[in-house]
1. Which of the residues belonging to the range 69-94 are of a type in the set (S, T, N, Q), under 16 Å from the mean Cα position of the chain (by Cα) and farther than 20 Å from Glu113 by Cβ?
2. Which one is surrounded by the most Cβ atoms within 10 Å (Cβ to Cβ), of the residues in the range 110-121 that are farther than 12 Å from Thr72 by Cβ and under 20 Å from the mean Cα position of the chain (by Cα)?
3. In the range 1-24, which residue that is among the charged types (D, E, K, R) and closer than 16 Å to Glu135 by Cα is surrounded by the most Cβ atoms within 10 Å (Cβ to Cβ)?
4. Is it true that Leu124 is buried (at least 16 other Cβ atoms within 10 Å of the Cβ), in contact (Cβ under 8 Å) with a residue 40 or more places away in the chain and more than 18 Å from Ile14 (Cβ to Cβ)?
5. With the structure loaded, tell me whether His146 is closer than 24 Å to Met39 by Cβ, at pLDDT 90 or above, touching an Asp or Glu at 6+ places or on another chain (Cβ under 9 Å) and surrounded by fewer than 16 Cβ atoms within 10 Å (Cβ to Cβ) or whether it fails that test.
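The values are calculated or read from the model by the stated rules, or taken from the named source; none is laboratory data. The model shown is predicted, which means the values in this text are computed figures rather than measured ones. Glycine gets a Cβ as well: all are built from the backbone with ideal geometry, and neighbour counts include every protein chain shown.
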Amino acid sequence: MSEVSKLLEPNNPILRVRMESVSEDCNREKVRQDLIDSMEHYQGVGLSANQIGIIERVFIMYEDVGTRKILTCFNPKLLETSKEQILMDEGCLTYPGVWLKVKRPIAVKFEYEDENGKKHKKELDGLPSRIFQHEYDHMEGTDFTHKVSKMKIDRAMKKLNKTVKRLRITPE
């Protein structure tokens, strides 16, 4: 087990840069393990390398949240999205406690490389499709806050602050 990496703050410029192809000298197995250890530590369902300061085009996600089956996507490329969309609550490890209603396509088709460099094509729908799209956005230098209005973000932050105040224990 590797050491858990620290999550970058939301204003870190690394999170706003599109990740290019995985570098030739990338230790894919080490990066994969770092991502798994960090995602599990922070109790996420997906994690992109740039969220923990690794400048490589790779993310991991639970392909099946129930069984915790992990899918590692090096050099992911979105090929197609369904026309049908669904509005759902979405959170992000970069923004702990913030939940936003985000509209996304129900299904995706994509290609990616595994940790051995082997190419695959895959289709996902439902929650796994949403997780893929969320992590893919990180690879593109954006995140779920760019999919909603400033008013909705402000409302979510106000709600979070109220919850934090309510939960805060004052010393006697």
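1. If the condition is that a residue be of a type in the set (S, T, N, Q), under 16 Å from the mean Cα position of the chain (by Cα) and farther than 20 Å from Glu113 by Cβ, then Thr94 is the only one that fits.
2. Phe110
3. Arg16
4. In short, yes.
5. yes
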